[in-house]
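These notes are about the structure you will find just below.
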Amino acid sequence: MKKMLSAALLLSAAMIVPAAAQTAEELMKKALGTTEGVNPVLVESFEHAAMALTPEQQELALKCWKDSVCETGQGTLTVAYADGFGENVWRRVTAMEFIAQALTYPEVKKIIYTSARGDASKAIADMRSYIAQKVDVIVMFADAGEALLPVVKEATEAGILVTVHNGTYVGGEAGKDFVSSIAEDICKLGVDFVKAVADSKPMQPGIVALGGTPGNPLSATWQGCADKEVANHPDLKIIAKADTNWTQEGNFEAVSGLLAQHDDIGAYIYEYADGFRGAVRAYESSAKPLDVVVALRTDEQGLFCDWEKADNPNFKIFYSSGQNFQSRFALTAAMMKKAGKAVDPNINVPFAMKPVVKGMCDPALPLDASVSTLVPADMMKKMFAQ
């Protein structure tokens, strides 16, 4: 990989552009912020992500995304996506990343998607349905955590290649009970959230840690590491935690309640940028100034547009990456394993915290769009057209 990219490329990396217009190296730089030391599975994933879909494939991708199932008209393999909770924009984009990646493999015949809607029993039932259908690959967003391990083992014993992504944890042994676990260092995410807040010197010492669905392992992991990191910053403290169900309304309700109870909130740490738009509304409804530092995992541009509109120097946002593309990595890991290639049991996805700057809000694109997604801009417009 080249060590440096052109100035024009570095500028465009902050904006959403059609994936087909960029090389694998360019997409990697845009998504991860680096091309150095990247795991071979991720390298091959970006090579597939850079493959231009035909107009017919694009329409098929949209159909499969809407219908949750589609036939490609070629190949022999069935690939399935088991989503633990698919009812927000971020999850829907992540599903499209999986579908688009699947269409770059001519050996894939059928693509299936299910959402457990946050219900662990349905997540298990969805997996058992996939086993009964004798699918070849299952990519999991395993929100139900270790409750899924027995059925994951069942799938593996049935010869199905199972991969887990985005920091969700099912227990067991990666490389044995399932092919691979793919994630950023989720503990580091919590640490870096706190460091971003500390470096920004919030006006008040209180930090609120917002999470998704109750008990989900993703939120629990980074929050636990954030708790430890706060101990290194005696001028800061985590004063509250709240579940949001990864929705704007959940954020509005949680933050409205917190504002009524606390007057020392100086920062929020959270996974989901688009969801935090509900928190912005809570501040507007309470007529309290939005003088806070926010450290986030994802990067949907709607919040960045809210930030520009607020024009408040005391409202600061830092973000990592949308990470929607991890579903691509998980599929490619399984496909590489199917082809007899080496796949590490635990694959690290690099990331770095970055400040939001003016110009990142593009009104021509959906507010729900992640600035780092590999889904092309024209597809995003079709997905969320009103």
Looking at this structure, is Ser327 within 22 Å of Tyr268 (Cα to Cα), out of contact with any Lys or Arg (no Cβ under 7 Å at 6 or more places or on another chain) and polar (S, T, N, Q)?
no
So which residues in the range 156-185 are among the hydrophobic types (A, V, I, L, M, F, W, C), surrounded by fewer than 22 Cβ atoms within 10 Å (Cβ to Cβ) and not in a strand (DSSP E or B)?
Ala158
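Listed here are the residues, each with its yes/no results for (1) small (Gly, Ala, Ser); (2) assigned by TED's automatic domain parsing to the domain that holds Glu173; (3) touching a His at 6+ places or on another chain (Cβ under 8 Å).
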| position | (1), (2), (3) |
| --- | --- |
| Gly278 | yes, no, no |
| Ser286 | yes, no, no |
| Pro289 | no, no, no |
| Cys305 | no, no, no |
| Asp311 | no, no, no |
| Ala330 | yes, yes, yes |
| Met336 | no, yes, no |
| Gly340 | yes, yes, no |
| Asp344 | no, yes, no |
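Pick from the range 312-323 the residues that are of a type outside the set (Phe, Trp, Tyr) and at pLDDT 95 or above: which of them is surrounded by the most Cβ atoms within 10 Å (Cβ to Cβ)?
Step one: of the range 312-323, the residues of a type outside the set (Phe, Trp, Tyr) are 312-314, 316-317, 320-323.
Now restrict to residues that are at pLDDT 95 or above: 312-314, 316-317.
Numbers: Asn312: 12, Pro313: 7, Asn314: 14, Lys316: 21, Ile317: 24.
Across the range 312-323, the extreme among qualifying residues is Ile317.
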Can you pull out every residue in the range 325-352 that is modelled with pLDDT under 95 and either aromatic (Phe, Trp, Tyr) or buried (at least 24 other Cβ atoms within 10 Å of the Cβ) (or both)?
Phe351
If you go through the range 111-129 one residue at a time, do you hit one that is within 18 Å of Met379 (Cβ to Cβ) and either touching a residue at least 12 places away in the same chain (Cβ under 8 Å) or not small (Gly, Ala, Ser) (or both)?
yes
When you go through Val191, Val151 one by one, which is the residue that is surrounded by fewer than 24 Cβ atoms within 10 Å (Cβ to Cβ), of a type in the set (A, V, I, L, M, F, W, C) and under 21 Å from Glu271 (Cα atoms)?
Val191
Identify all residues within the range 223-237 that are part of a loop (DSSP other than H, G, I, E, B) and surrounded by 14 or more Cβ atoms within 10 Å (Cβ to Cβ); write none if there are none.
His233, Leu236
Could you please give the count of residues in the range 76-97 that are out of contact with any Asp or Glu (no Cβ under 9 Å at 6 or more places or on another chain) and among the hydrophobic types (A, V, I, L, M, F, W, C)?
1
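The values are calculated or read from the model by the stated rules, or taken from the named source; none is laboratory data. This structure is a prediction, so every number in the text was calculated from the model and none was measured. Glycine gets a Cβ as well: all are built from the backbone with ideal geometry, and neighbour counts include every protein chain shown.
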